[in-house]
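Asker: One structure, as structure tokens, below. Some questions next.
The values are calculated or read from the model by the stated rules, or taken from the named source; none is laboratory data. These figures come from a predicted structure and were not determined experimentally. No Cβ is skipped: glycine too gets one built from the backbone with ideal geometry, and neighbour counts run over all protein chains shown.
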Amino acid sequence: MGLNSNRSERLDNIWTKCDSALRHLLVFLVKKHRVDEVYDSKVKAQNWEKLIIEFNEMTEGMVGMPKAQIIRKWHNWKQYNKQRSKSHPFIDFGNISHEEILQKCQALMQQAQNDPALAAYLLKGGNEPQSSVSEDVKKTDINTSGGARENGEEAGVQEIGQEDIRMPGNERLKRLRDRDFLVRRTGISAASLSIKKLEHEIALESLSYEQERWKIRLENNQLFQQKVQRQSELADLKLERAKTELALKKHECLSLGLSV
């Protein structure tokens, strides 16, 4: 099928392209790197890094998705299925072999090589500029309003979908969503955390800030106390010196027969 007949499909969901090649790839890599089996934040972040590297290798660098977008996709996907009492993505896609994944990815890459517009679309991670797709988006709204909802995790507030493409004012927001913010405490991507966990991390960060602030205030007070103590000791030394000098003067006067 040509570009025009497939463009609306690509706009709705890059993950279903070529028999859901990228979905199968993501499920396979999440299983392989045991991302959901690890609870230690640092280890989980390391596993995600390995997954992203292999994702790019198996797609031959032709799919330009930021790490945050891939992580967000996985969490949105699971959340979407859970909210609608659907089965977990692992169950949906079953056990797929490495060879099958390679075949699917190669088929997608081959299709992209024969379709420059698709190749450019994949390279942008599924985000096309408004000027080139506005008419197709309108047609998509009329003809496939239900289709996009079947893959609702793609249309979530954290995904870049049709609404973002239609609204020029969201360009800045789209760029912000593609950035990868790391949690300072663990180094893990903020995009991989749920809202509740992110709020927890923010609370911990705020508490750490307060603890650090009070620690600095305590250290400053201790330094001030030491300063006052040193000043008092110095004053005592000056007083002792003055007393000694006075005693010497008295002794000198007495030795000269002078009355004091």
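Asker: Kindly establish whether Leu223 is at pLDDT below 90 and in a helix (DSSP H, G or I).
Answerer: Working: at pLDDT below 90: no; in a helix (DSSP H, G or I): yes.
Here the answer is no, as Leu223 does not meet what is asked.
Residue-by-condition table, conditions (1) out of contact with any Asp or Glu (no Cβ under 6 Å at 6 or more places or on another chain); (2) surrounded by fewer than 16 Cβ atoms within 10 Å (Cβ to Cβ); (3) small (Gly, Ala, Ser):
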site	(1), (2), (3)
Lys42	yes, yes, no
Asn47	yes, no, no
Ile52	yes, no, no
Asn56	yes, no, no
Val63	yes, no, no
Lys67	no, no, no
Lys73	yes, no, no
Tyr80	no, no, no
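Asker: Based on this model, can you work out whether Lys104 counts as more than 13 Å from Leu22 (Cα to Cα) and in the same structural domain as Gly126 (by TED's automatic domain parsing)?
Answerer: On the way: more than 13 Å from Leu22 (Cα to Cα): no; in the same structural domain as Gly126 (by TED's automatic domain parsing): yes.
So Lys104 fails the test.
Asker: For the stretch 81-93, does any single residue satisfy the condition of being free of Cβ contacts under 8 Å to residues at least 60 places away in the same chain, within 19 Å of Lys17 (Cα to Cα) and in contact with a Phe, Trp or Tyr (Cβ under 9 Å, 6 or more places away or on another chain)?
Answerer: no
Asker: Could you look through the stretch 82-104, keep only residues that are within 26 Å of the chain's Cα centre (by Cα) and surrounded by 13 or more Cβ atoms within 10 Å (Cβ to Cβ), and pick out the one that is nearest to Lys31 (Cα to Cα)?
Answerer: Filtering the stretch 82-104 for residues that are within 26 Å of the chain's Cα centre (by Cα) and surrounded by 13 or more Cβ atoms within 10 Å (Cβ to Cβ), the one nearest to Lys31 (Cα to Cα) comes out as Phe90.
Asker: If you take the residues of the stretch 41-80 that are polar (S, T, N, Q) and free of Cβ contacts under 8 Å to residues at least 12 places away in the same chain, which of them is nearest to Leu102 (Cα to Cα)? Before you say what the answer is, go through the steps one by one.
Answerer: As a first pass, look at the stretch 41-80 and keep what is polar (S, T, N, Q): 41, 46-47, 56, 59, 69, 76, 79.
Now restrict to residues that are free of Cβ contacts under 8 Å to residues at least 12 places away in the same chain: 46, 56.
On the way: Gln46: 23, Asn56: 12 Å.
Ranking the candidates gives Asn56 first.
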